[in-house]
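Reading through the structure tokens given below for one structure.
The values are calculated or read from the model by the stated rules, or taken from the named source; none is laboratory data. Note that the structure is a prediction, hence the values are computed from the model and not measured. FYI the Cβ positions are ideal-geometry reconstructions off the backbone, even for glycines, and counts take in every protein chain you see.
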Amino acid sequence: MPSFQPHAHPASSRRVLLFLDVQVGVLSDPPLGIPSASALRRNIGLVLAKARAAQDPPLIVHVRNTGDFGDVDEPHTPGWQLAHAPLPHEPVVDKRKNNAFAGTKLGELIAPEAEIVIVGLQSDFSVRATCSAALGRGNEVLMIRGAHGTYDRLEVLYGGGVTSAAQIEAEIEGELEEAGVNLMDMKDLAGIFDDR
């Protein structure tokens, strides 16, 4: 695993790809992983390949969630491992909170004027909190439909039931778009990391 080098990248990177909690456990096939794990593994892999192959590649930052004992992302368990091995120049940031900027060096790596493309997990926790924090810093934020996901939610109030992961993902997209996040589709991927 590459060691964290806060000055290895200039904070002036115009574009950043933030790989949020893209870890083996949550991307395993259900029931351990999320319902859309198979499609998400494919789409996130395409996003990473496109970013790395760009003429002027973005700064790619891998954020790894540190779960509690017994969680799918409990530290130093197979599920905690990153699903895509970082290249030597791609920093890895470990976090304990939903907002990836809270208590980490992420703010030092990403300039407030940078455009951040956020992909990963989970839509209703880390993705929502980190997008909101990035908007609050003044960053332009892009999110790609089909490149973020979450679990079905068991409702404990109002008679119970289950809210599907797909419904939660769509609700989060609507909420974040209203807040100022630019929503893109996988078909837009070709132009996201190239000059536009």
Going through the stretch 169-196 in order, the residues found to be over 18 Å from the mean Cα position of the chain (by Cα) and free of Cβ contacts under 8 Å to residues at least 40 places away in the same chain are GLU178, LYS187, GLY191, ARG196
Report, ordered by the first and then the second residue, all pairs with beta carbons closer than 8 Å, sequence separation of six or more or different chains, a first member in the stretch 90-108 that is at positive phi, and a second member that is assigned to a loop (DSSP other than H, G, I, E, B).
GLY103/ARG96; GLY103/LYS97
Confirm whether HIS148 is surrounded by fewer than 18 Cβ atoms within 10 Å (Cβ to Cβ) and of a type outside the set (Val, Ile, Thr).
no
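Select from the stretch 1-49 the residues that are of a type in the set (A, V, I, L, M) and at pLDDT below 95 and write down the one among them that is farthest from ILE60 (Cα to Cα). I'd like the intermediate steps shown before the answer.
To start, the set of residues in the stretch 1-49 that are of a type in the set (A, V, I, L, M) comprises 1, 8, 11, 16-18, 20, 22, 24, 26-27, 32, 34, 37, 39-40, 44, 46-49.
Adding the requirement that they be at pLDDT below 95 leaves 1, 8, 11, 32.
Details: MET1: 15, ALA8: 12, ALA11: 12, LEU32: 27 Å.
Restricting to residues being of a type in the set (A, V, I, L, M) and at pLDDT below 95, the top hit is LEU32.
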Meets criteria (part of a loop (DSSP other than H, G, I, E, B), in contact with a Leu (Cβ under 8 Å, 6 or more places away or on another chain) and not basic (Lys, Arg)) for ILE34:
yes
Just give me the residues in the stretch 58-81 being surrounded by 17 or more Cβ atoms within 10 Å (Cβ to Cβ) and not small (Gly, Ala, Ser), in sequence order.
PRO58, LEU59, ILE60, VAL61, HIS62, VAL63, ARG64, ASN65, VAL72, ASP73, TRP80
Tally the residues that are touching a residue at least 60 places away in the same chain (Cβ under 8 Å) and assigned to a loop (DSSP other than H, G, I, E, B), restricting the search to the stretch 57-86.
5
